[in-house]
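All remarks here apply to the structure that follows.
The values are calculated or read from the model by the stated rules, or taken from the named source; none is laboratory data. The shown structure was predicted, so the numbers you read here are calculated from the model rather than taken from an experiment. Positions of Cβ are backbone-derived with ideal geometry, glycine not excepted, and every protein chain shown enters the neighbour counts.
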Amino acid sequence: MRYILFVALIGLFISSCSDKSSTLIGRWELDEIDYTEHYKSIPEEAREMIREAMNKAFKKLKGKTFFTFSEKNKLTLEAPNFLNQVKKTEGTWTMNASQDSLRLNFSDELENYHIDRVNDDSLILSTTEVPARTLILLRKKWKD
């Protein structure tokens with residue numbers, strides 16, 4: 001009986017310490033951007049106008065923006081440009097040792113995120129960088 005309990009506890013420990021970077025590998029679709037924290041820094045009289053502009057901009061991204069995390073820390077971002085043409089941008093990604101932060105590095109941009117959640121189906125990243133935001137990504141399981 002002690003042996004079974006010991007094995008169960010070891011299994012629980014190993015699964016709780018799983019490697020988040022291996023869970024991250026794959027193609028993720030941008031499902032939502034939450035700017036709630038950013039709106040708090042905007043004067044109340046301008047908040048609604050900014051919210052409408054951000055929502056309008058997000059509608060152009062929804063269903064067309066994908067992050068592909070590959071082995072060896074390669075990253076591909078597919079997103080529409082201002083002409084609504086999908087552009088692929090190559091970059092890299094790194095995770096810190098405690099696996100709670102993610103850095104996305106593109107040639108002209110560096111973004112730091114806290115990993116709020118990562119599992120087989122969803123990835124939630126948040127940042128306090130301006131504009132403060134939370135990205136909600138869903139794993140893309142279907143083929144193009």
Considering only segment 122-131, state which residues are at pLDDT 95 or above and either surrounded by 15 or more Cβ atoms within 10 Å (Cβ to Cβ) or not in a strand (DSSP E or B) (or both). Leu123, Ile124, Leu125, Ser126, Thr127
Segments classed as strands (runs of 3 or more DSSP E), wholly inside segment 10-118, with at least 1 members that are exposed (fewer than 14 other Cβ atoms within 10 Å of the Cβ) and not hydrophobic (A, V, I, L, M, F, W, C): 26-34, 74-80, 86-95, 109-118
Quick count over segment 96-129, residues being touching a residue at least 60 places away in the same chain (Cβ under 8 Å) and over 12 Å from the mean Cα position of the chain (by Cα), is 3
Checking Lys88 against (1) farther than 20 Å from Lys20 by Cβ; (2) modelled with pLDDT under 95; (3) of a type outside the set (Ser, Thr, Tyr); (4) in contact with a strand residue (DSSP E or B) (Cβ under 6 Å, 6 or more places away or on another chain), which single condition isn't satisfied? (2)
Members of segment 61-78 that are aliphatic (A, V, I, L, M) and modelled with pLDDT under 95: Leu61
